Every structure is written in structure tokens, then in C-alpha cells.
Amino acid sequence: MENVVRIGVDLAKQVLQIHAVDAAGRVIAARAIARGRFLEWCVQLPAGCVVAMEASTSAHHWCRKLRTMGLNPKIIAAHLVAPYRMQGASGKNDPNDAAAICEAASRPHMHFVPVKTAAQQGVLSVHRLREGMKEERTACINRIRGLLAEFGIVIAQNPRRLREPLADILEDASNELDFMARQVLDRAFGHWRQLDEEVRWCDERIAAHNREDDAVKIAAQLDGIGPITASAVVATVGDFKQFRSGSQFGAWLGLTPRQRSSGGKASLGSITKRGDTYLRMLLIQAARSAVLSAHRRTDPISQWVTKLRDRSGWQKAAVALANKNARILWAVFAHGRKFDPHYVRPSPTKDLAPA
């Protein structure tokens, strides 16, 4: 095993498939290993050996463990691995996936996913729980509204307008609700209140992250970056210097247009929607709020987005502002600059050749 330089690992819950090669690309080992014996097997690998895996459940956990062993773990997005599966889509299985991961990791220009710390994943777990509770709360509200409609009680599609009269509706003996239906609706109403408490708890944890983390405070200074978005950006990205430029960071978030250019003719479409869906959603939703209130501010960014909204519509302006905010975040964190809403980038000067 001392000749192994690169390993591809296909992760799973119980059994991990490995594909190990030497410097010439010859296969040294290709086998399945039980999850509990994987680290024991990795002990025999030489220091600095690349251990690549897809971005999936437990990938960051394995990478943190492997780093403590002196190895070089890498995470690759799944859509970047698929082209290297020689058998194509019809030949997808664990051994072929492990071989494709190993091959993809050998590419000199491959984009790897940064390994998150346990603290980053802890903060993101709060965000994931909050989103799940929000979805469950919306489903609960719709369920209550649907049950009421079955008995001829129709209420406007607004959570506040449903919550206010719901207790009186359950106590009103003049409607068609029978005893069983009232019990069902009462339990659903209690579940709704419980979900509100869970979302409130998540908001408190995110607010604490805003108070304790200086990077989150800096990110929240931008117009269109609220406390929830700032917390999610800092926890998701970690080190902004992993990106070469602000435009690359915006492309990583999926905020840049698709390109279908050919023959020297540029053809741009809608945004790519790559990367983290949750983070992109937060940036765009926060930017929408900033676009609608931009006419009340006098800083250059607000003036620019106001003109863009009048010219192209507020939805396109919101996406453009989200992309601009992403670039500003990169500049602030990658270069250690202080955010200035009135900053104007100087125009590049052109050296004139002597006559």
C-alpha cells in the first residue's frame, strides 16, 4: 500500500467502496470495506495520500478524521464526478462510482468542496432545522384550512387571519363541526403553536451566532443581507479566499447567467442555479426587500439598483443585487476590507503611447 497515491471512496451507510491507484494509474486495490473498519484500513496509507469522495452524507466527517491521520481528503460535487464514469449512466454501481471519483480527483483543474468544521456544520444544522419546521408549519396551516373548508368554513390565505378566529370557530356550536372534527382541529392547532416555538428557538440560536461571530456582524452590514443570511453565508463558505474572485463566488452560488455561446456570439440565459439552493434563496429573498426600499437610500448601490429596477423589472434587479452582494462579501472577507456603501471603484486608467 506504500505505492498508493490516490483513492476514490464511494460513501454509504454500512459499506464503503474504495478504488486505490498508484502514480501511474494502476489499480492497487478495489474492494468494499465495512464502515467501522475504514479508518483502520486507512492507517496503512502513506502520508499525504489523496482520499477523494463525493459530497454526500458524512463526507465532511470522514475528511476531518482523515486529516488527523496525515492524509489529504478531497470532496467533489457529484455532478462533476459523473462524466468520469467510463460505463456511462447505465453502468452506475459502487465500484464504478469509486473509480470515477478516483479519476476525477486526478484532474488538475478540478473544483473541490471545502471541508467544513464541526462548528460550521452545527450552525448549518440550525438553519436546516428551521427550514424544515417552516415547511412543516406551512403544511399544518394548509391542513387546518383544508379541514375547515370541508365543513363550509373558508378563511383567507393568511396565517394571521386563520389563527385569530380559529379558537372561536372550535367553540362555536352553530357550525357543522362535529366532536371528532373539533378534536382533530384542536390538536392541529396545538401542533401549529408548537412549530412556532421551534422556529422561535432556531431564530434565537441564529441571533446568538450574530452576536458572537464578528464575521457575521460584518456580513450583516450590507443592504440585502439580514441576520439569517449573514449567519448562513459565514457558516457555509468559511474561508472566502478559496475563490479567486467575486465573480467566481457568484458563479459558485448559481447567480450568474447560463451561457450557450458559439461562433463568437454570446448567448446568455437565466441563472445557472448551481451550488447551495438554500443560500441562494436567502440572498435573493433578502435582495428583494432591499430592491423595494432602494429608492429611499442615496448610496451608489441603491441608486444603481433603482435604475435597474425601472429598466428591467424588480425581479431581475433582485437577482442582480444578490450577485453584487455576493461579490462584495468576497471582497470584504478575502481582502479584509471594511464595507463602505458609498465606495465607488475607480475607473482603470489607460496608458497612452507617445506620439
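So the values come out like this:
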item: Candidates Gly269, Gly254, Gly263, filtered to the one that is surrounded by 14 or more Cβ atoms within 10 Å (Cβ to Cβ) and over 19 Å from Gly226 (Cβ atoms); result: Gly254
item: Scope segment 85-126; condition in a helix (DSSP H, G or I), open to solvent by 40 Å² or more (accessible area, probe 1.4 Å), out of contact with any strand residue (DSSP E or B) (no Cβ under 7 Å at 6 or more places or on another chain) and not acidic (Asp, Glu); matching residues; result: Ala89, Ser90, Ala118, Ala119, Gln121, Ser125
item: Segment 274-308, residues that are among the basic types (Lys, Arg) and either surrounded by 13 or more Cβ atoms within 10 Å (Cβ to Cβ) or in contact (Cβ under 8 Å) with a residue 40 or more places away in the chain (or both); result: Arg274, Arg280, Arg288, Arg297
item: Failed item in (1) in contact with a strand residue (DSSP E or B) (Cβ under 6 Å, 6 or more places away or on another chain); (2) in contact (Cβ under 8 Å) with a residue 60 or more places away in the chain, with Arg130 passing the rest; result: (1)
item: Any hit, segment 152-163, residues being within 26 Å of Ile228 (Cα to Cα) and in contact (Cβ under 8 Å) with a residue 40 or more places away in the chain; result: no
item: Subset of segment 173-209 [open to solvent by 80 Å² or more (accessible area, probe 1.4 Å), assigned to a helix (DSSP H, G or I) and acidic (Asp, Glu)]; result: Asp186, Glu197, Glu204
item: Residue in segment 143-158 that is at pLDDT 95 or above and either within 28 Å of Ala30 (Cβ to Cβ) or of a type in the set (Val, Ile, Thr) (or both) present; result: yes
item: Near pairs, Cβ below 8 angstrom, 6+ apart or cross-chain, from segment 68-92 (without any contact (Cβ under 8 Å) to a residue 60 or more places away in the chain) to any residue that is among the polar types (S, T, N, Q) and surrounded by fewer than 17 Cβ atoms within 10 Å (Cβ to Cβ); result: Ala78/Ser56
item: Residue match in segment 152-161 (condition: farther than 29 Å from Arg280 by Cα and surrounded by 14 or more Cβ atoms within 10 Å (Cβ to Cβ)); result: yes
item: Contacts under 7 angstrom Cβ, first residue in segment 33-60 being in contact (Cβ under 8 Å) with a residue 12 or more places away in the chain and more than 11 Å from Asn72 (Cα to Cα), partner assigned to a helix (DSSP H, G or I) and of a type outside the set (A, V, I, L, M, F, W, C), 6 or more apart; result: Leu39/Lys65; His60/Gln121
item: Among (1) under 26 Å from Glu136 (Cβ atoms); (2) in contact (Cβ under 8 Å) with a residue 60 or more places away in the chain, the one test that Ala215 misses; result: (1)
item: Flag for Ser247 being surrounded by fewer than 18 Cβ atoms within 10 Å (Cβ to Cβ) and under 21 Å from Ala287 (Cβ atoms); result: yes
item: Residue among Gly36, Gly25, Gly48 that is in contact with a strand residue (DSSP E or B) (Cβ under 6 Å, 6 or more places away or on another chain) and modelled with pLDDT under 95; result: Gly48
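The values are calculated or read from the model by the stated rules, or taken from the named source; none is laboratory data. Fair warning: this is a prediction, and the values are worked out from it, not measured in the lab. Every residue, glycine as well, gets a Cβ built from its backbone with ideal geometry; the counts of neighbours run over all protein chains shown. Each accessible area value is taken on the protein alone, full model and side chains, heavy atoms only, with ligands, DNA and RNA left out. Shrake-Rupley method; radii C 1.70, N 1.55, O 1.52, S 1.80 Å.
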